[in-house]
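K.L.:
My questions all concern the structure below.
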Amino acid sequence: MSALTVREKLAVLSDAAKYDASCASSGAAKKDSLESGGIGSTEGMGICHSYAPDGRCISLLKILLTNFCIYDCSYCINRSSSNVRRARFGIDEVVKLTMDFYRRNYIEGLFLSSGVVRSPDETMGEMVEVARRLRLEEKFSGYIHLKTIPESSAELVEQAGLYADRLSINVELPTDEGVKRLAPEKKPETIRLSMARLRQKMEEKAEPTLKTKKRERFAPGGQSTQMIIGADKTSDDGILHTSARLYGSYHLRRVYYSAFSPIPDSSSSLPLQKPPLMREHRLYQADWLMRFYGFSQPEILAGSSDGMLDLAIDPKLGWALRNRGQFPIDINRADREALLRVPGLGTKVVAKILETRRHRRMRLEDVGWICQSIAKLRPFIIAEGWSPGALTDKAGLREKIASSCEQLSLF
Ligand code: SF4
């Protein structure tokens, strides 16, 4: 086989990286290199490849170091038994590409993952070396996200944290049983141990040292993970249960949900069709309910017959329809926690309601002015001059709201 050019490698290895969803740069420390005399900044706007949860567009060079892999995870296009075209970057090539792209303002940072070549330590060592050279030799201050290989040594992961803004370790599948069945060379215990070590290291480094009285820099963007959904039969309730455990036990910044993509010559144990993309979207919405809206994981789908999120309506509306006894809520009297549970009221709208009602009682139209649509919330609130009466308990309410939301999305 003739040697590939850098351009050909880039085509292969950026395409191979597209299956990884966990590349948003939210949580990165803001910094630039004006003072250090280096180059790069994690701030600013650019060509968009990813969106942070705060809506910021970020552009990353998102590549694999190599798509050769000694493992054979059955859901992965790069598994050892796959007949895919292979390529491997050298460390110099990734450093040069990153700097060239950055100088041309194509990117704001690097997202680097890799298949496992020869051994986890050898691969991880090369990824760390890329980050080290970028930071120390090229004085690169842009964003770096390294995907960590759980089986690699603790020392290497610790070094990675010195140079990267964010580290991530893929939990792969929602259940241990799924990992053992579809990624037999990976051990769920090892993945958890690696996440626990990272959490411990981040907490240690967050304390100011006795000598310098400063915090040491260590992966300031925290750690995240990715879970493939739809490759096994785990319900949405089961997926959210795993996410809640990961947030609680390892203080992850984000869990990313990546809908399984069917791959050529795949194992018969995998589904032939990908799950609807809307499922991914609903899981992200439910994830936000746990992180920003005060919902506990079990209550999101409590009372659902199959443990699956309704694809036609958002999870908060689904919860409200199953818990109509808790409504209507008086928007002129309810506390913030209760208001956050009203369908259609986001955190910013709730803040505006709390501010406005300090000066006057709010009518339904007043709420209409500050939120996108009152169709969703009319049955669930009491306002000055408005009471939903029997509307809250009306049969067919779900269908009525779902169709008005659908009509809205057309315009
Ligand atoms: S270790 Fe990663 S790259 Fe290798 S087969 Fe498994 S998922 Fe794919």
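K.L.:
Taking amide hydrogens as modeled 1.01 Å from N in the peptide plane, which residues meet the under 5 Å criterion relative to residue 363, leaving out close sequence neighbours?
P.N.:
Here the answer is 384, since their amide H atoms fall under 5 Å of that of residue 363.
K.L.:
For the chain, modelled as a GNM with alpha-carbon contacts under 10 angstrom, which of 182, 391, 13 fluctuates the most?
P.N.:
Comparing 182, 391, 13 in the GNM, the peak value goes to 391.
K.L.:
Looking at the chain only, what percent of DSSP beta bridges run antiparallel? Nearest 5 please.
P.N.:
15
K.L.:
For the chain, take the longest principal axis of its alpha carbons; what is the angle in degrees between that and the long axis of helix 6-16, to the nearest 10 within 0 to 90?
P.N.:
Roughly 40 degrees, rounded to the nearest 10.
K.L.:
Among the listed pairs 205/348; 205/316; 18/233; 62/274; 147/205; 316/352, give every one whose C-alpha distance is greater than 26 Å.
P.N.:
205/348; 205/316
K.L.:
Rank these by accessible area, largest first, 1.4 Å probe: 370, 329.
P.N.:
370, 329
K.L.:
Next up: Highest mean first, what order results for 357-367, 377-387 on Cβ atoms within 10 Å?
P.N.:
Result, highest mean first: 377-387, 357-367.
K.L.:
Would you pull out the residues with amide H under 5 Å of residue 329's amide H, same chain only if 5 or more places away, H placed 1.01 Å from N?
P.N.:
Close amide H contacts, sequence-distant or interchain: 381, 382.
K.L.:
Gaussian network model of the chain, Cα springs within a sub-10 Å range: biggest mean-square fluctuation belongs to which of 110, 345, 198?
P.N.:
Fluctuation is largest for 345.
K.L.:
How large is ³J(HN,Hα), in whole Hz, for each residue of segment 150-166 in order, when computed from phi with the Karplus curve 6.51 cos²θ - 1.76 cosθ + 1.60 and θ = phi - 60°, using x for Gly and Pro?
P.N.:
x, 7, 7, 6, 4, 5, 5, 5, 5, 5, 4, x, 6, 10, 8, 7, 9
K.L.:
Cut-off under 20 Å on the C-alpha distance; same-chain residues fewer than 8 positions from residue 213 excluded. Which aspartates and glutamates are left, in chain and number order?
P.N.:
203, 204
K.L.:
For the chain, with every protein chain kept in place, what is the accessible area per residue (1.4 Å probe, Å²)?
P.N.:
Per-residue value: 48 Å².
K.L.:
Related question: Which percent of the accessible area of segment 339-405 is formed by carbon and sulfur heavy atoms (probe 1.4 angstrom)?
P.N.:
Roughly 53 percent, rounded to a whole number.
K.L.:
Here is a follow-up. Considering amide H positions built from the backbone, and no H for Pro or chain starts, which residues 5 or more places from residue 61, or on another chain, come under 5 Å of its amide H?
P.N.:
108, 109, 110, 111
K.L.:
Right, something else. Given the peptides 318-325, 164-171, 3-10, arrange them by the average over their residues of other C-beta atoms within 10 Å, most packed first.
P.N.:
164-171, 318-325, 3-10
K.L.:
Which value, in Å² and to the nearest 10, is the accessible area of residue 175 when all protein chains are kept and the probe is 1.4 Å?
P.N.:
50
K.L.:
Same structure, new question: Convert each backbone phi in segment 228-243 into a coupling constant with the Karplus relation 6.51 cos²θ - 1.76 cosθ + 1.60 (shift: θ = phi - 60°), then list the ³J(HN,Hα) values in order as whole Hz, x for Gly and Pro.
P.N.:
3J(HN,Hα) across segment 228-243, in whole Hz: 7, 10, x, 7, 10, 8, 4, 6, 4, 4, x, 5, 5, 4, 4, 4.
The values are calculated or read from the model by the stated rules, or taken from the named source; none is laboratory data. Computed from a predicted structure; not experimentally measured. Reconstructed Cβ throughout: ideal geometry from the backbone, glycine too, with neighbour counts over all protein chains shown. To get the accessible areas, we keep the full protein, side chains included, count just its heavy atoms, and leave off ligands, DNA and RNA. Shrake-Rupley method; radii C 1.70, N 1.55, O 1.52, S 1.80 Å.
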